[in-house]
Amino acid sequence: MVLSRAKEIAAELTPLWADLHRHPELSFKEYRTSERLKKEVEGLGLEVIDLGMETGFLARLRGGQPGRKAAIRTDLDAIAILESPKHEVRSGTDGVMHACGHDFHMTAALGAARLLKEGADQLQGDVYFVFQPAEEIMSGARVMLDSGLLEALPPDLDALFGLHALPHYPAGTVLSGSGYASAGKTDFRIRYKGTAGHGGSPHEYQDVIPASAAFIQAVQTLVSRENDPQKALVAAVLTARSEGEDYFVSDALEMTGAIRAFDEQVQEEAEQRIAELAENIATAYGCQVEAELSRGVPAQKNDPDLLPAARRACRTLFSEDRILTGLPPFLGAEDFALFGRRLPSHFYWLGTGFPGRENALLHQPEFQINPQALPLAIALLTQSVLEVLEGEEDHAEK
């Protein structure tokens, strides 16, 4: 029943999805997006709760009967990527694109709100919808918490659900793990400072280029030779920029990169080693160094108490061979994890790939979502909430 109605709602919301895709907005600049979503939510008769933020908000659907309380979270922002001109529905803002599926996430959340609203009279409890800005820069969840989200939500919230598009798997597949659902992420910035000089006299200046190259190589061996290969870790320099004119000696070079891990101890040890490597290499090459490390988000670990409800929801909608329970296929980070540290939560990865072809991955200009995934996303969020509000007691399944 839920899936059949979700298919009808998905068809009706396709123009909205296209509109959101054509009007992407960067982190904390989701003004049009927020206003459009508020209009849709208010049109359904939901209560909009203003947190005093420029973008992002909370909405409440009151059930007709007393009961438990659940929430759905979606993200609003796009990223600075120029979309492929081959797409029929494409961004109208050059250099900005929904290349991570947030337009899909928003449409699914609105679809769930619509479906739940249709049965609100019989709904045993209330449902909250968290419309979060700035997920792409790992800042929106923290700002919402600082703006009073927890105070606006009921203190006895039973569950928070979220999902993310996953082009690695075809539509009709869901990943609902019992452990880590996303990786923790730490950003680092390393700046080597040497001295200027003449390229013909390398012995007369401190060269930042070989120092930086040594650091980049050392970061790679941190993963391949220092970390336990059975514990996932990604550590890499992602950008490198030097100052000065081409073909002249540069006296400074700045690198940025990231550390990603599921296990917090692995992440902490990698952070310590990055700082040590930066300092030791500076000493060895006669340079100065400034190292900044900033913990972005922790890993998301799904609440074990919500696993029975999540499994029942998945089994209602997906065939058993399409329900995956392991770790995500990559170390993507999600600031949903900041909510997960404070609230009982469960995060799904939903297959959105097209079968029989190579699918562009997240943050690529050719990224697209199989439309067949939208009714499944709507139904999964809806069914998950219903399993918590109206489902059987979970204690026997733990």
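Read-outs throughout are calculated quantities, based only on the coordinates presented, and are distinct from any laboratory measurement. This structure is a prediction, so every number in the text was calculated from the model and none was measured. All Cβ positions, glycine included, derive from the backbone under ideal geometry; neighbour counts span all protein chains shown.
Could you tell me whether the range 1-98 comes out rounded, prolate or oblate from its Cα gyration tensor? Rule is a ≥ b ≥ c as square roots of the eigenvalues, rounded for a/c under 1.5, then prolate if a/b exceeds b/c, otherwise oblate. Don't skip to the answer; put the middle values down first.
Numbers: a/c = 2.67, a/b = 1.47, b/c = 1.82.
Oblate shape, in that a/c is at least 1.5 and b/c is the bigger or equal ratio.
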Sparse-neighbour loop sites [GluC sites (Glu not before Pro); the range 15-81; at most 16 other C-beta within 10 Å; DSSP]:
E54
J(HN,Hα) series, the range 116-126, from Karplus relation 6.51 cos²θ - 1.76 cosθ + 1.60, nearest Hz, glycine and proline x:
5, 5, 4, x, 4, 4, 9, 6, 8, x, 10
Between the range 340-384 and the range 274-289, what is the C-alpha centre distance in whole Å?
42
So who's got an amide H within less than 5 Å of the one on A360, skipping anything under 5 residues away but keeping other chains? H placed 1.01 Å off N, in plane.
Q368
Using modelled backbone amide H atoms (1.01 Å from N, in-plane), which distant-in-sequence or interchain residues come within less than 5 Å of A299's amide H?
G184
So for the pair Y247, L361, with labels modelled 7 Å out along Cα→Cβ, what separation do we get in nm?
3.8
Extension gain, E268 back to S84 (0.36 nm per residue minus Cα-Cα distance, nm)
62.4 nm
Footprinting exposure proxy for L149, L110, L277 (fewest neighbouring C-beta atoms within 10 Å first)
L277, L149, L110
Of all trypsin sites (Lys or Arg not before Pro) in the range 201-261, which ones are in loop regions per DSSP and have a Cβ with at most 14 other Cβ atoms within 10 Å?
K231
Karplus couplings for the range 302-309 from phi (6.51 cos²θ - 1.76 cosθ + 1.60, θ = phi - 60°), rounded to Hz, Gly and Pro as x?
5, 5, x, 5, 9, 4, x, 5
For the range 286-294, just list the computed ³J(HN,Hα) in residue order, Karplus coefficients 6.51, -1.76 and 1.60, θ = phi - 60°, integers in Hz, with x standing in for Gly and Pro.
x, 10, 9, 9, 10, 10, 10, 10, 10
Rounded to 5, the percent of DSSP beta bridges in the chain classed as antiparallel
65
When V174, V223, V388, V143 are ordered from fewest to most other Cβ atoms inside 10 Å of their Cβ, what list results?
V223, V143, V174, V388
Can you spot the lysines whose alpha carbon is less than 27 Å from K231's alpha carbon? Ignore those fewer than 8 places along the same chain.
K185, K301, K398
Stretchable slack from D187 to R295, in nm (0.36 nm times residue separation minus alpha-carbon distance):
38.2 nm
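What are the trypsin sites (Lys or Arg not before Pro) within the range 283-364 that DSSP puts in a loop, where the Cβ has at most 10 other Cβ atoms within 10 Å? Before the final figure, lay out the partial values.
Details: sites: R295, K301, R311, R312, R315, R322, R341, R342, R357; in loops: R341, R342, R357.
Those that pass, being in a loop and sparsely packed, are R357.
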For the chain, built as a Gaussian network whose Cα springs stay under 10 Å, the top-fluctuating residue of S224, S139, S182:
S224
Using alpha carbon centers only, the range 72-116 is separated from the range 178-197 by a whole-angstrom value of 28
Using modelled backbone amide H atoms (1.01 Å from N, in-plane), which distant-in-sequence or interchain residues come within less than 5 Å of L160's amide H?
A71, S345, H346
If the label point is 7 Å along Cα→Cβ of E204, which residues in the range 238-256 have backbone nitrogen under 15 Å from it?
249-250
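Could you list M53, M1, M144 so that the one with the fewest beta carbons within 10 Å of its beta carbon is first and the one with the most is last? Walk me through the intermediate numbers first.
Working: M53 21, M1 8, M144 26.
By the 10 Å Cβ count, ascending: M1, M53, M144.
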How much length is gained if the chain between A18 and E54 is pulled fully straight, taking 0.36 nm per residue apart and subtracting their Cα-Cα distance, in nm to one decimal?
10.6 nm
Sequence-distant aspartates and glutamates (8 or more away, or on other chains) whose Cα lies within less than 19 Å of K193:
E204, D207, E243, E245, D246, D251, E254, E276, E279, E290, E292
